[in-house]
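Chemist: Take this structure first; my questions come after.
No lab work stands behind these numbers, since they all come straight from the coordinates. Fair warning: this is a prediction, and the values are worked out from it, not measured in the lab. Cβ placement follows ideal geometry from the backbone for every residue including glycine, while neighbour counts extend to all protein chains displayed.
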Amino acid sequence: MTDVLATSGLVVVDKPAGMTSHDVVGALRRIFGTRKVGHAGTLDPMATGVLVAGIERGTKFLAHLVTTTKAYETTIRLGEATTTDDFEGQRTWGESAAGLSEEQVLAAVDKLTGDIMQRPASVSAIKIDGKRAHERVRDGETVDIPARPVTVSKFQVHAVKRAGDFLDIDATVECSSGTYIRSLARDMGEDLGVGGHLLALRRTEVGPFALEDSRTLDQLKDNPALSLNLDQALIRSYPTLEVTAEEAAALAMGKWLEPRGLHGVHAAVSPSGQAIALIKEQGKRLATVFVARPSTL
């Protein structure tokens, strides 16, 4: 069973355009020769970039993975709205954006920066009465998802390019999890009265994982190795607490320790550098949230 731990961890994939996140999981199952593969943070088929996948026991860690922040490089086209808020959808309406000034664009960007209320895209993966919104749209239903609070911590415009009646905006967006970049494009277009949609989207960061950690599927086929083993994944994702060998053995059995004034979840690390478990103080106990190295293994 030690082989399970040796092959457990995370793979950070640079997802290509045209594949669903589920397609990537299927490819990883073939590459790593296991059914135990999952992913965190779905990416649309048209999008590229960072997709975090779990292998073997890494799949169980995905539920505890901290990915509260994300970053993207995007191109927004002003002058046309679509059914999907990206270039793959059908045109719904549009007005010439040729007369817009860069100052008007930046003012619209400013309105969409900070703590805002955002209505998710109708083709999102959000479930409505047990059925995903994009499935309802495909079935011809009209979907109206209530606005929800999100945080856009950075919305930086790098270039404003004119293309006939269109205005293409290259930008970097850093935001909270649950923010829809296609909704930013839609809302910017509506605010400026011309319509808007996404031309391109590349995710560069998910929580503590970035493009620098990623590899393409072709690279993984040639060298099917983890990006981070389970120890590295826990230590990168959480603040650490060093524990003794005896305490590590207790945590491996799911036992609790005496509290020591910790705030939030920590990764308990043994003297040998192994991340034994995620722990959190609950009342008068320092209890396990997730045991990465159970004694049964």
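Chemist: Measure nothing fancy, just the Cα-based angle from helix 102-111's long axis to the longest principal axis of the chain, in degrees from 0 to 90, nearest 10.
Modeler: 40
Chemist: Still on this model: Dipole of the chain, Cα-centred, from +1 at each Lys and Arg C-beta and -1 at each Asp and Glu C-beta, to the nearest 20 debye? Show your work: numbers first, answer last.
Modeler: Details: 34 positive and 38 negative charges, 237 e Å.
For the chain, the charge dipole is close to 1140 debye.
Chemist: Follow-up question, since we're still on this one. At a Cα cut-off below 21 Å, give the lysines reachable from Lys154, other chains included and same-chain residues fewer than 8 away excluded.
Modeler: Those lysines meeting the cut-off are Lys70, Lys111.
Chemist: Using Cβ counts within 10 Å as a stand-in for footprinting exposure, how do His197, His39 rank, fewest first?
Modeler: Listing His197, His39 from fewest to most nearby Cβ atoms yields His39, His197.
Chemist: Sticking with this one: Can you sort Ile55, Ile145 from fewest to most other Cβ atoms within 10 Å of each residue's own Cβ? Kindly include the intermediate steps, with their values, before the conclusion.
Modeler: On the way: Ile55 24, Ile145 16.
Lowest to highest Cβ neighbour count: Ile145, Ile55.
Chemist: What per residue convex hull volume, in Å³, do the alpha-carbon atoms of the chain yield? Please list the in-between numbers first.
Modeler: On the way: hull volume 45.8 nm³, N = 297.
Taking only Cα atoms, the chain has a hull volume of 154 Å³ per residue.
Chemist: Explain nothing, just the number: dipole magnitude of region 238-291 about its Cα centre with +1 on each Lys and Arg Cβ and -1 on each Asp and Glu Cβ, in debye rounded to the nearest 20.
Modeler: Numbers: 5 positive and 5 negative charges, 40 e Å.
In total the dipole reaches around 200 debye.
Chemist: What's the exposure ranking of Thr216, Thr75, Thr68, going from fewest to most Cβ atoms within 10 Å?
Modeler: Working: Thr216 13, Thr75 18, Thr68 10.
Listing Thr216, Thr75, Thr68 from fewest to most nearby Cβ atoms yields Thr68, Thr216, Thr75.
Chemist: Let me ask something else about it. Going Cα to Cα from Lys161, which aspartates and glutamates come in below 12 Å? Please leave out same-chain ones fewer than 8 positions away.
Modeler: Result set, ordered by chain and number: Glu102, Asp170.
Chemist: Next question, about the same structure. May I ask for the distance between the Cα centers of region 147-223 and region 46-76, given as a whole number of Å?
Modeler: 15
Chemist: Quick check on the chain: helices-only [θ] at 222 nm, where DSSP H runs of length 4 and up contribute -39,500 (n - 2.57) each and the sum goes over total residues. Nearest 500, please.
Modeler: Details: 9 runs with 71 residues, N = 297.
The helix contribution divided over the chain gives -6500 deg cm²/dmol.
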